[in-house]
Amino acid sequence: YKRQIVPIDIDLLVQGDALYPMAANSEIILDAEVAIRGDEILYSGPRLENGHWNEREKISGDGKILMPGFVNCHSHTASIVFRSQSDDGAGGKALYSVAFRSEPDITPDQWRDFARVGVIDMIKSGFTTINDIWYEPEALADICLEMGLRAQIAYKLFDVRLEDLHEGLYTHSNKIGDKRLARGIDFVKKWNGSGKGLITGRIGPHATDTCSSELHRNAFLEAKKLKVGRHTHAAQSLGEVEYIKKHHGVGPISYLENIGVLSSDLVLAHLTYADSNDLISAARNNIKYAHCSTIYPRRGVYPNIEEITKKGIKWGLATDWMMNDPFEGMRNALNAIRLKEARHDAYSSQESLYGATTNSAAVLGLENLVGQLKEGFKADLIQIDINQSHLIPFYAEYASIAYYARASDVVTSIINGKVVMRNREIQGIDEYAALKSVEKHVSYFSDKFRKLGGVAHHGLCPCGL
């Protein structure tokens with residue numbers, strides 16, 4: 001007697017030589033598969049016998065490994081325009097002298113061009129979710145829907161002239177703040193939940209010093225009314241810390257607590273210059289922390305991640321701007337944390353992979369939706385091609401990915417059950433045209449940045465590609 005198999009109908013079956021579930025207490029599984037129905041994972045585990053599934057489509061796993069898509073819990077997708085401007089020289093100086101002074105002159109169409117290439121970069125690097133705060137959120141949301149990237153997006157709120165901050169000039173204006181807050185609210189109302197939940201809105205006070213206490217409080221109240229989270233930079237520069245301490249007598253995070261706007265819905269990026277009292281405030285209010293590991297080594301200053309971890313502050317890995325590469329992010333974190341704490345076991349490969357997936361999802365309040373290959377979770381996953389000279393021999397350990405894989409090894413991306421990238425080609429877009437749209441801006445921004453003290457080789461023209 002032979003048991004008759006009744007095939008289970010599914011939309012997509014994705015296989016792999018190994019599967020990294022990234023769920024709590026899970027093990028790496030060899031010869032595995034993920035079954036998808038609609039936008040959810042129906043099964044994730046060892047490969048089942050032939051005939052178990054009646055799939056509409058199957059993606060072979062030969063020479064591939066499966067893992068959850070990476071979650072970027074703090075990003076500025078369109079900021080690719082500022083690549084090379086803040087990698088050398090005084091740490092963080094170009095943020096004030098180049099970026100803040102040129103941002104007001106960047107047109108909505110230019111932001112859209114930069115955002116499109118930024119989204120391409122995110123998907124091809126293996127990100128399936130981003131948390132973005134920037135200009136032109138509507139354009140970014142539209143592009144994310146076009147390509148299928150999951151995104152939490154906030155409009156950048158402030159009530160000062162950012163272009164004056166390089167001179168230490170802070171003049172808070174209700175007119176500026178009210179106008180920007182109104183647009184941020186409007187964005188959330190129009191876009192939150194769009195694309196079958198692919199887009200989530202947030203309220204985004206830019207930083208502790210660039211928003212007045214009144215704007216911080218109003219943003220907090222509006223986020224509560226809208227039932228969405230917030231996203232803010234905190235303790236990211238010495239100038240910010242000095243300004244807050246001079247005017248409020250405490251560090252940036254303690255200041256936010258004192259004015260009543262610290263809560264668990266808040267994602268804080270950086271904490272680079274946070275003092276012990278700041279971290280106590282953060283822990284006491286259960287804030288979430290986005291750790292941007294590729295930025296800090298460039299500036300020669302690293303957050304006190306040991307103390308952040310000891311205090312129980314929930315944190316995940318993020319890219320911030322320019323280098324949208326989760327593999328670089330993991331390696332920077334691994335190397336910097338081990339060197340800073342002078343312990344080889346201060347941060348492990350396994351912890352870094354959790355940091356870039358499960359933990360980052362938890363920072364965004366998505367711990368029960370994405371970041372794990374687990375039944376009932378959203379079908380956000382990637383395939384990595386291990387038939388590479390830098391990966392072979394592949395021993396299917398956490399270090400095999402964290403220390404050796406590259407963004408260019410990501411060949412397949414599935415988000416919300418939809419295949420958004422096959423064989424490194426993002427579906428339904430003209431990538432070459434997107435790159436050309438940015439290339440045509442190079443000459444203009446090269447000249448502009450040089451005049452502001454930035455860097456660009458003289459004579460660049462939009463003739464590449």
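The values are calculated or read from the model by the stated rules, or taken from the named source; none is laboratory data. Since the model is a prediction, treat every value here as computed from it, not as a measurement. Note that each Cβ is placed from the backbone with ideal geometry, even for glycine, and that neighbours are counted across all protein chains shown. For the accessible areas, the whole protein counts, side chains as well, though only heavy atoms, and no ligand, DNA or RNA atoms are used. Shrake-Rupley method; radii C 1.70, N 1.55, O 1.52, S 1.80 Å.
Where in segment 1-54 are there strands (runs of 3 or more DSSP E), lying fully within it, with 1 or more residues that are charged (D, E, K, R), open to solvent by 60 Å² or more (accessible area, probe 1.4 Å) and modelled with pLDDT under 95?
Passing ranges: none, list empty.
Return only the number of the condition from (1) over 22 Å from P137 (Cβ atoms); (2) in contact with a helix residue (DSSP H, G or I) (Cβ under 9 Å, 6 or more places away or on another chain) that E242 does not satisfy.
(2)
For G118, which of the numbered conditions (1) touching a residue at least 40 places away in the same chain (Cβ under 8 Å); (2) part of a loop (DSSP other than H, G, I, E, B); (3) not β-branched (V, I, T) fails to hold?
The one condition G118 does not meet is (2).
Please work out if D62 is open to solvent by 60 Å² or more (accessible area, probe 1.4 Å), over 28 Å from the mean Cα position of the chain (by Cα) and more than 30 Å from F158 (Cα to Cα).
Spelling it out, D62 is indeed open to solvent by 60 Å² or more (accessible area, probe 1.4 Å), over 28 Å from the mean Cα position of the chain (by Cα) and more than 30 Å from F158 (Cα to Cα).
Can you give me the number of residues within segment 70-104 that are in a loop (DSSP other than H, G, I, E, B) and basic (K, R)?
Summing the residues that are in a loop (DSSP other than H, G, I, E, B) and basic (K, R) in segment 70-104 gives 1.
Quickly run through segment 410-457 and pick out the residues that are acidic (D, E), under 30 Å from Q372 (Cα atoms) and free of Cβ contacts under 8 Å to residues at least 24 places away in the same chain.
E425
Within segment 307-329, which residues are open to solvent by 60 Å² or more (accessible area, probe 1.4 Å) and of a type in the set (S, T, N, Q)?
T309
May I ask you to list the residues in segment 393-428 that are among the polar types (S, T, N, Q) and over 21 Å from E40 (Cα atoms)?
Result: S400, S408, N423.
Can you name the residue in segment 93-148 that is of a type in the set (D, E, K, R), over 16 Å from the mean Cα position of the chain (by Cα) and over 28 Å from G300 (Cβ atoms) and, of all such residues, is most open to solvent (accessible area, probe 1.4 Å)?
Within segment 93-148, the match that is most open to solvent (accessible area, probe 1.4 Å) is D109.
Go through segment 228-268 and report how many residues are surrounded by 24 or more Cβ atoms within 10 Å (Cβ to Cβ) and either free of Cβ contacts under 8 Å to residues at least 24 places away in the same chain or basic (K, R) (or both).
So the count comes out to 1.
Kindly list, by first and then second residue, each pair from a residue in segment 74-90 that is farther than 13 Å from Y135 by Cβ and of a type in the set (D, E) to a residue that is open to solvent by 20 Å² or more (accessible area, probe 1.4 Å) and modelled with pLDDT under 90, limited to pairs with Cβ atoms under 6 Å and residues at least 6 apart or on different chains.
The qualifying pairs are D87/R298.
Residue-wise test of (1) of a type in the set (S, T, N, Q); (2) under 28 Å from T171 (Cα atoms); (3) open to solvent by 60 Å² or more (accessible area, probe 1.4 Å).
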| site | (1), (2), (3) |
| --- | --- |
| E214 | no, yes, yes |
| A223 | no, yes, no |
| Y273 | no, yes, yes |
| C292 | no, no, no |
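Here's a check for you: in segment 156-211, which residue that is part of a helix (DSSP H, G or I) and on the phi > 0 side of the Ramachandran plot is surrounded by the most Cβ atoms within 10 Å (Cβ to Cβ)?
Step by step, filter segment 156-211, then rank; the result is G195.
Read through the list (1) within 24 Å of L262 (Cβ to Cβ); (2) of a type in the set (G, A, S); (3) in a strand (DSSP E or B), then give the number of the only condition that A219 fails.
Evaluating A219 over (1) within 24 Å of L262 (Cβ to Cβ); (2) of a type in the set (G, A, S); (3) in a strand (DSSP E or B) leaves (3) as the failure.
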